[in-house]
Amino acid sequence: DPRSLFLTVHYSLTPLPTQAMTPRLADQRVGYFTTTVADFSNDLARSPRKRFINRWPLEKKDSTADKSAPVKHITFWLDPSIPVAYRGAIKDGVLEWNKAFEAIGFVNAIEVQEAPTDKPFDTLATGHAAIRWMTNAQPRFGAIGPTHVDPRSGEILDANIALESLSTRGIRAIRSQFLGAEDGAPGHDQCQHSALGSEQLGFLLDLKSVQAGLPPDSPEVQAFVLAYLKDTTMHEVGHTLGLRHNFRASMWRTNDELNNKDLTEKFGNSASVMDYAPINLPLPGQPGGAPFQTTLGPYDYWAIEYGYKPLPTDSDAATTLRKIAQRSDEPAHTWDLAYGSDEDTAYGLDPESLTFDLGRDQIAFAKQRLAIVQDQLQQLTQRQLKADEEPADLRRSLAFALRELGKTAT
């Protein structure tokens, strides 16, 4: 049968740790993946279910020191499949999380190693948190960061981040086509996180394509691609540390602040890198802020504190955790610690929990997007096809613009 083919299915069976990690209770105000355990030993409890956050075991070498190296680092291995030119940006994205760990007393909690090439080394083996590069014929996911956990405690035992090459190729095309040599306006979208992002990728790829763009191999384009990779890596590493999405974080900044390049480059566009933040795109002809989220936001620091801060070994542990979580209820932290889950967004439970929005005023953001689309449509009416272009290119451009128009309007 010409349709036949051979498949190899590989199963890895790994024993659980001899001693289960001390679990840490979950709190709905902080977005962590959770492990649910049914405990039937207490008939007085309202429910037998206990929910523990998923986290790596992290302990200080010197428990009495304000800052100490960990007993065991959280090590991410870079697979040889990652292009050499991109390894520095990916490494920076991983190590960015050390800032949050240092704030709670851990020095170099996370480290990055390159897999040896002179001897057998399986980055996919259980116990190796790995980052690898995948080359697919068609874009599928952009990037993913799954983990395996101990079902008794939520201890993360293994993590494997995959970055898809076609997303980087698309981002490079966005930078070379969208950013004109004259105006230098930035463009970006995090297509790697969902199908919505893939739609915006198509729109941005075509946006202002009539303008003369920078060559895709220019230093400006390379810097743009590396910033994108750092953003993507930070998001996926956050997942492998146990963090869920936070779709309210994008309302942290006022819309005017998003146009402040120095502010957004230093402190970010969103309160968390775990959001699906859209392109920080200015109005046509106007200067804009940083297009990418290349630094941790205040929510990220707070979430790491909840999940990894050393706790007292006595009954005060629960009280300490509760005090950390309660900070989200304080007026001073209304926006920087706000949390919106996937469920809040998918089921429309919270109008402030949205994907691909940016800024405190969502109506102003939508109006700005509509202005960008209208500008694109106006340019299409004057676009002259080049010798190497086809009429289908105009149809594609119109489809991208109309799709973005419809999504913004809804």
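This table checks each residue for (1) within 28 Å of PRO284 (Cβ to Cβ); (2) of a type in the set (D, E, K, R); (3) out of contact with any strand residue (DSSP E or B) (no Cβ under 9 Å at 6 or more places or on another chain); (4) open to solvent by 50 Å² or more (accessible area, probe 1.4 Å).
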{"position": "GLY348", "(1), (2), (3), (4)": "no, no, yes, yes"}
{"position": "LEU358", "(1), (2), (3), (4)": "yes, no, yes, no"}
{"position": "ALA364", "(1), (2), (3), (4)": "yes, no, yes, no"}
{"position": "LYS367", "(1), (2), (3), (4)": "yes, yes, yes, yes"}
{"position": "GLN376", "(1), (2), (3), (4)": "yes, no, yes, no"}
{"position": "LEU380", "(1), (2), (3), (4)": "yes, no, yes, no"}
{"position": "ARG383", "(1), (2), (3), (4)": "yes, yes, yes, no"}
{"position": "ALA387", "(1), (2), (3), (4)": "yes, no, yes, yes"}
{"position": "GLU390", "(1), (2), (3), (4)": "yes, yes, yes, yes"}
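Name the residues in segment 57-71 that are over 15 Å from GLU155 (Cβ atoms) and open to solvent by 50 Å² or more (accessible area, probe 1.4 Å), would you? Before the answer, list the steps.
Within segment 57-71, the first condition is being over 15 Å from GLU155 (Cβ atoms), and the residues that meet it are 60-69.
Scanning segment 57-71 gives LYS61, ASP62, SER63, THR64, ASP66, LYS67.
Every condition in (1) modelled with pLDDT of 90 or more; (2) open to solvent by 40 Å² or more (accessible area, probe 1.4 Å); (3) under 21 Å from the mean Cα position of the chain (by Cα) is met by ARG172 except one, and the failing one is (1). If I filter segment 269-276 for residues that are surrounded by fewer than 24 Cβ atoms within 10 Å (Cβ to Cβ) and either within 16 Å of the chain's Cα centre (by Cα) or in contact (Cβ under 8 Å) with a residue 60 or more places away in the chain (or both), do I get at least one hit? Scanning segment 269-276, I find no residue that is surrounded by fewer than 24 Cβ atoms within 10 Å (Cβ to Cβ) and either within 16 Å of the chain's Cα centre (by Cα) or in contact (Cβ under 8 Å) with a residue 60 or more places away in the chain (or both), so the answer is no. Among the conditions (1) open to solvent by 50 Å² or more (accessible area, probe 1.4 Å); (2) within 18 Å of HIS235 (Cβ to Cβ); (3) outside any helix (DSSP H, G or I); (4) not polar (S, T, N, Q), the only one that PRO120 does not satisfy is (2). With respect to the conditions (1) buried (at least 19 other Cβ atoms within 10 Å of the Cβ); (2) closer than 26 Å to SER153 by Cβ, GLY289 falls short on a single one, namely (2).
Taking the conditions exactly as written (among the charged types (D, E, K, R), out of contact with any Cys (no Cβ under 7 Å at 6 or more places or on another chain), at pLDDT 90 or above and surrounded by fewer than 16 Cβ atoms within 10 Å (Cβ to Cβ)), does LYS99 satisfy them or not?
Numbers: among the charged types (D, E, K, R): yes; out of contact with any Cys (no Cβ under 7 Å at 6 or more places or on another chain): yes; at pLDDT 90 or above: yes; surrounded by fewer than 16 Cβ atoms within 10 Å (Cβ to Cβ): yes.
Yes, satisfied.
Could you please find all residues in segment 265-294 being touching a Pro at 6+ places or on another chain (Cβ under 7 Å) and β-branched (Val, Ile, Thr)? If the condition is that a residue be touching a Pro at 6+ places or on another chain (Cβ under 7 Å) and β-branched (Val, Ile, Thr), then ILE279 is the only one that fits.
Screening PHE40 on (1) closer than 28 Å to ALA103 by Cβ; (2) hydrophobic (A, V, I, L, M, F, W, C); (3) in contact with a Pro (Cβ under 7 Å, 6 or more places away or on another chain) shows it passes everything except condition (1).
If you check ASP262 against the conditions, is it open to solvent by 40 Å² or more (accessible area, probe 1.4 Å), out of contact with any Cys (no Cβ under 6 Å at 6 or more places or on another chain), under 30 Å from VAL149 (Cβ atoms) and without any contact (Cβ under 8 Å) to a residue 24 or more places away in the chain? No, not satisfied.
So, ASN54, is that one of a type in the set (S, T, N, Q) and surrounded by 16 or more Cβ atoms within 10 Å (Cβ to Cβ) or not? Don't jump to the end; show me each part of the working.
Values: of a type in the set (S, T, N, Q): yes; surrounded by 16 or more Cβ atoms within 10 Å (Cβ to Cβ): yes.
So ASN54 passes the test.
Here THR147 meets each of (1) open to solvent by 40 Å² or more (accessible area, probe 1.4 Å); (2) in contact with a helix residue (DSSP H, G or I) (Cβ under 9 Å, 6 or more places away or on another chain); (3) farther than 30 Å from ALA38 by Cβ with one exception, condition (3).
Applying the set (1) modelled with pLDDT of 75 or more; (2) surrounded by fewer than 17 Cβ atoms within 10 Å (Cβ to Cβ); (3) not hydrophobic (A, V, I, L, M, F, W, C); (4) not in a helix (DSSP H, G or I) to PRO139 leaves exactly one unmet item: (1).
Restricted to helices (runs of 4 or more DSSP H) entirely inside segment 278-394, those with at least 1 residues that are of a type in the set (S, T, N, Q), more than 30 Å from TRP56 (Cβ to Cβ) and more than 22 Å from the chain's Cα centre (by Cα) are 362-381.
The number of residues in segment 29-43 that are modelled with pLDDT of 95 or more, open to solvent by 50 Å² or more (accessible area, probe 1.4 Å) and not basic (Lys, Arg) comes to 3.
The values are calculated or read from the model by the stated rules, or taken from the named source; none is laboratory data. Computed from a prediction, not measured in an experiment: that's the story for all the values here. A quick note on method: Cβ atoms are made from the backbone with ideal geometry, for glycine too, and the neighbour counts reach across all protein chains shown. For accessibility, only protein heavy atoms count, side chains too; no ligands or nucleic acids. Shrake-Rupley method; radii C 1.70, N 1.55, O 1.52, S 1.80 Å.
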